[in-house]
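> My questions all concern the structure below.
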Amino acid sequence: MIVTEQLSKRYSGGNYALRELTITASRKVTSIIGRNGAGKTTLIRILSTQLLPSGGRATVEGFDVVSEAHEIRKRIVSIPQEAAPIGILTAFEQVKMYLVGRGYSFKEAGESANKALDQLELRESKNEPTDTLSGGMKRKMFVAMALAANADVVFLDEPTTGLDPLSRLEVWSAIRQIDSRVILTTHYMEEAEQLSDEVILIERGQSLEQGTPSELVSRFSGKVRVETAERCDGCIHVGNISIMYVDRTRADEYIDRGYTVRPATLEDIFISRGVEIES
Amino acid sequence: MNLKFTFLLAWYYGLRTVARGPSYIIASLSSPLTLLFIVFIISRGSLVKYAVVGGFIGLVASVALSSAGDAAFMRLQLRMQDLYVASQVNPSDYMLGLTLSYLMFSLPGIVLYSAIGYLEHIFSLDSTLALAGILALLVVSTSSISFIVSSSIKHVRNVWGIAAIMSVVMTVLPPTFYPYFYIPKIALYVLSVSPVTPAAVLTQGVFGLAPVLFQEIPIMIAETVVYFSLARYLTRWREN
């Protein structure tokens, strides 16, 4: 279980990345969603003992991130945002090296690396230098590290950012094969809906919403999202687009007027709460 | 200590990288070989032994010092350091692994200089063993300086220039390719801030090219310990 209590992080410039954030993540896959700069990466870096907090407390599987970092490091794998492989080395070499760093013998590390890479369908390419692999394959190499390490908790910071839809599906499939508890950050709502048992929305370093994807979407129960390029009172304005949420019974009325109407999704929680905090 | 990890990092990131990217070999050899050529021409061959002996020192030091760029690239661009911070790898394992990798990068050059030294009849068993010890201390101290510098860099673009300057200033200014007694003693002590200086002075003494300055032995050892300790504590591992 991951618990934070009034967790804060203030950087040297005086900016707060996290402000007294209090959350509990106890499900198998938890997605932390939020806009760029919301504090997602800072949270993951503190939880995975890469960064010290400025205040408050956080525990991972019962261990304190400050005083018991060594215990946490035995139990986690954390794949940083935009992590990139050493291009001249193969996927097998890098997974094996990571496992040896975690205390595996050379033999165990080699066997586990092979097994994980084969499981993620990298059998054909695992002995090629990674600079010849596609973006999706490179990300899968990092997921293979998590899979092979058999850790209690896996942190994945924006694991599919920058990938094409097909590669993204491949990485999702790889993530689903991880048996450990997974905490992932994303700003792709579809990803959060597809992969998570629980979603936490953070904005400006604070938690705004928490629940299962269906619980969060049910806040818009009976409503549809209407989009138009016209300005309208009471709408949410995002760039040139105006968004409003209306009763499903009135959907046809807006379709006839040429508006775009679509069912509400997790993205609508993101949009509506994001705008609320901005205003 | 996780020596298995240190060894594997050096094996993969050092030896495999050199084997798969021969440009590393040419890059690491270009500067010392150019200096060897210049010294040979200017001294009409009389100082060539200094340049050969200094070549070992210059090669190892310049590879290790210019690796600041590499270490910063691994931290800032590849996020490799973050990956290992959140595991049981400790900063000493990581630093030693990379240090040994840089030593591997120097291996082709060491082989080439050994061949030239053999042709020049400069080797004896004692001098070879002493040289190995000096190079081991040198790679640790100069790599440590690289880690300290790379750790303080926020944008990877800035580090390439700094690493190049460091490499030139700290390996060419000290008496690496010329007899140490050509410069005043006070200058020698000032230049001793660079671990290349005691390494070069000792090497010239060991190979019988100049009197041995025994006071450089404790300086060399102390600098290695100090620079490694500084790197261990100043290198950002877990960030604040």
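The values are calculated or read from the model by the stated rules, or taken from the named source; none is laboratory data. A quick note: this is a predicted structure, and the numbers were derived from the prediction, not measured. Here the Cβ is made from the backbone with ideal geometry for all residues, glycine too, and neighbour counts use every protein chain on show.
> Search region A:121-143 for residues that are surrounded by 14 or more Cβ atoms within 10 Å (Cβ to Cβ) and pair each with any residue that is part of a strand (DSSP E or B) and among the polar types (S, T, N, Q) when their beta-carbon atoms are under 8 Å apart and the residues are at least 6 apart or on different chains.
A:K126/A:T90; A:E128/A:T90; A:P129/A:T90; A:T130/A:T90
> Which one of B:N158, B:N240 is in contact with a strand residue (DSSP E or B) (Cβ under 9 Å, 6 or more places away or on another chain) and surrounded by fewer than 20 Cβ atoms within 10 Å (Cβ to Cβ)?
B:N240
> Given the conditions (1) under 24 Å from A:E203 (Cα atoms); (2) crowded, with 17+ Cβ neighbours inside 10 Å; (3) modelled with pLDDT of 85 or more, and given that A:L266 satisfies all but one, which numbered condition is not satisfied?
All conditions are met except number (3).
> Given the conditions (1) more than 18 Å from B:R232 (Cα to Cα); (2) assigned to a helix (DSSP H, G or I), and given that B:L78 satisfies all but one, which numbered condition is not satisfied?
Only one criterion in (1) more than 18 Å from B:R232 (Cα to Cα); (2) assigned to a helix (DSSP H, G or I) is unmet by B:L78, namely (2).
> Let me ask something else about it. Looking at region A:101-116, is at least one residue at pLDDT 95 or above and among the aliphatic types (A, V, I, L, M)?
yes
> Of all the residues that make up region A:64-87, how many are in contact (Cβ under 8 Å) with a residue 40 or more places away in the chain, more than 7 Å from chain B (Cβ to nearest Cβ) and not aliphatic (A, V, I, L, M)?
4
> So, one more: Please verify whether B:I165 is part of a helix (DSSP H, G or I), touching a helix residue (DSSP H, G or I) at 6+ places or on another chain (Cβ under 8 Å) and of a type in the set (V, I, T), treating the condition exactly as stated.
Taking the combined requirement at face value, the residue does not satisfy it.
> Can you tell me which of B:L15, B:L8 is farther than 24 Å from B:F123 by Cα and surrounded by fewer than 20 Cβ atoms within 10 Å (Cβ to Cβ)?
B:L15
> Wholly within region A:164-250, which strands (runs of 3 or more DSSP E) include no fewer than the required count, namely at least 3 residues that are under 30 Å from A:A116 (Cβ atoms)?
A:181-186, A:198-203
> Let me ask something else about it. Quick check, is A:K40 touching a Ser or Thr at 6+ places or on another chain (Cβ under 8 Å), basic (K, R) and assigned by TED's automatic domain parsing to the domain that holds A:V182?
Considered against the rule, which asks whether it is touching a Ser or Thr at 6+ places or on another chain (Cβ under 8 Å), basic (K, R) and assigned by TED's automatic domain parsing to the domain that holds A:V182, A:K40 comes out as yes.
> Looking at B:L83, B:L59, can you tell me which residue is surrounded by 20 or more Cβ atoms within 10 Å (Cβ to Cβ) and farther than 30 Å from A:L43 by Cα?
Of B:L83, B:L59, the one residue that is surrounded by 20 or more Cβ atoms within 10 Å (Cβ to Cβ) and farther than 30 Å from A:L43 by Cα is B:L59.
> I'd like the residue in region A:246-260 that is of a type outside the set (A, V, I, L, M) and buried (at least 17 other Cβ atoms within 10 Å of the Cβ) and, out of all such residues, is farthest from A:I271 (Cα to Cα).
Filtering region A:246-260 for residues that are of a type outside the set (A, V, I, L, M) and buried (at least 17 other Cβ atoms within 10 Å of the Cβ), the one farthest from A:I271 (Cα to Cα) comes out as A:Y254.
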